[in-house]
Amino acid sequence: MTGGWLPPEWAPQAAVLLTWPHTHGDWADTLHQTESEFVAFAAAIAAREPLIVACHDAEHRSHVASCLRGAGVPPARVTLAIAPSDDVWVRDHGPLTVMRDGRPVALDFRFNGWGGKYRSELDDAVTATLAAQGALGGLTLEALPWVLEGGNIEVDGEGTLLVTRPCLMSATRNEPAAAEAMLAALPTLFGVDRVLWVDRGDVLGDDTDGHIDTLARFCDPHTLAFTCADPADREQHAALDGLQGQLAALRRSDGAPYRLVPLPVPAPIHDADGRRLPANYANFLIVNGAVLVPVYDDPNDRVALDRLAGCFPGRDIVAVPARAIVGQNGSLHCASMQIPAAP
């Protein structure tokens, strides 16, 4: 197996990939509101780097082009490709791009709808479909036999991989022997020499079994921003019980503890059926020169933005509305995938 190095999200990026919402999935009833947030998200990305958008079909591609033009996004900044999808969560069905000998290689892990919870056949094919069209900039594509979701991996660029155990070792994703084989391969594939495990804490409403990108995020090799509910929010506080303590017990490769930055939780947001949605601020996206942070029209938006500003000196902190996007259980990071730039 050929080795590689998975750059941290703050490394220079060549582009960001989105899978655009459409009426053929779960977004039909809220598409207008969701699409307005996707447009704002896309515009914020395209202002800083190229954007690649997976569209469902030719008609959908024309519609997306019109939406982006209307928002003033220069067409030259956007690649619109056709890749039918089940849903928008490209963090989990998109490529994980590693560097090999100074060249980017897109790893295409399998995606099975977070352990068979949802249909996923189209999503599982999105990366290969885009690569076949050259929409990924001519990246070499390597298909892998294991299920692995990008929302459950964080790297610091210095040899550390941070993951949650319930997702990575889930028997509904990989058979036990396959999971062990994948775990053994990750150091070579990603260029890491140690794995830090998180097995405490859940954001209420999350249906991924606890992706790390809703719980704790590397901001640099020494800093972790993490989701921390106010004790007054008893339900969410109880669900996150133990997370902060577990993160405090983790050590950097030099033996020092991490700097921990707590991110608040917005007031509960519920769907039409009364189910609490997994709104959180840890699901931010780092892009060239900026951090795009989901906001929910909540007083804690300002708190989260200010705390993240302290984590990312020299980067713009950009608030992006995500109240409609979270209606289908994800936020900005879940709905995007960066493609790192070659050195």
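The values are calculated or read from the model by the stated rules, or taken from the named source; none is laboratory data. Source: prediction; values computed, not measured. Note that each Cβ is placed from the backbone with ideal geometry, even for glycine, and that neighbours are counted across all protein chains shown.
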Say we look at the stretch 48-68 and pick out the residues that are assigned to a loop (DSSP other than H, G, I, E, B) and either in contact with an Asp or Glu (Cβ under 7 Å, 6 or more places away or on another chain) or among the charged types (D, E, K, R) (or both); which of these is surrounded by the most Cβ atoms within 10 Å (Cβ to Cβ)? 49
Note on the stretch 76-116: residues surrounded by fewer than 20 Cβ atoms within 10 Å (Cβ to Cβ), assigned to a helix (DSSP H, G or I) and of a type in the set (Gly, Ala, Ser) are 76, 115, 116
Counting only residues that are under 23 Å from residue 101 (Cα atoms) and hydroxyl-bearing (Ser, Thr, Tyr), give me the helices (runs of 4 or more DSSP H) lying completely in the stretch 117-193 with at least 1 of them. 121-132, 176-190
Is it the case that the stretch 240-258 has a residue that's in a helix (DSSP H, G or I), among the charged types (D, E, K, R) and over 21 Å from residue 309 (Cα atoms)? no
Pairs needed: first member in the stretch 199-224, in contact (Cβ under 8 Å) with a residue 40 or more places away in the chain; second member anywhere, among the acidic types (Asp, Glu) and assigned to a loop (DSSP other than H, G, I, E, B); C-beta distance under 6 Å; at least 6 residues apart or different chains. 210/202; 214/206; 218/156; 221/156; 221/158
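How many residues does the stretch 194-216 hold that are in a loop (DSSP other than H, G, I, E, B), of a type in the set (Asp, Glu) and more than 22 Å from residue 145 (Cα to Cα)? Lay out the reasoning, then the answer.
Initially, the stretch 194-216 is screened for residues in a loop (DSSP other than H, G, I, E, B), giving 199-211, 215.
Going one step further and asking which of them are of a type in the set (Asp, Glu), we end up with 199, 202, 206-207, 209.
Narrowing the set further to residues that are more than 22 Å from residue 145 (Cα to Cα) leaves 199, 202, 206-207.
Qualifying residue count, the stretch 194-216: 4.
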Got at least one residue in the stretch 161-169 being polar (S, T, N, Q), modelled with pLDDT of 95 or more, buried (at least 21 other Cβ atoms within 10 Å of the Cβ) and over 15 Å from residue 337 (Cα atoms)? yes
Just to be sure I understand the filter: pairs with C-beta atoms under 7 Å, separated by 6 or more residues or on different chains, first member in the stretch 77-103 and within 20 Å of residue 38 (Cβ to Cβ) and of a type in the set (A, V, I, L, M), second member modelled with pLDDT of 95 or more and surrounded by fewer than 20 Cβ atoms within 10 Å (Cβ to Cβ). Which pairs pass? 80/61; 80/65; 82/57; 82/58; 82/61; 83/129
Which one of the conditions (1) part of a loop (DSSP other than H, G, I, E, B); (2) under 17 Å from residue 217 (Cβ atoms); (3) touching a strand residue (DSSP E or B) at 6+ places or on another chain (Cβ under 6 Å) does residue 318 fail to meet, given that it meets all the rest? (1)
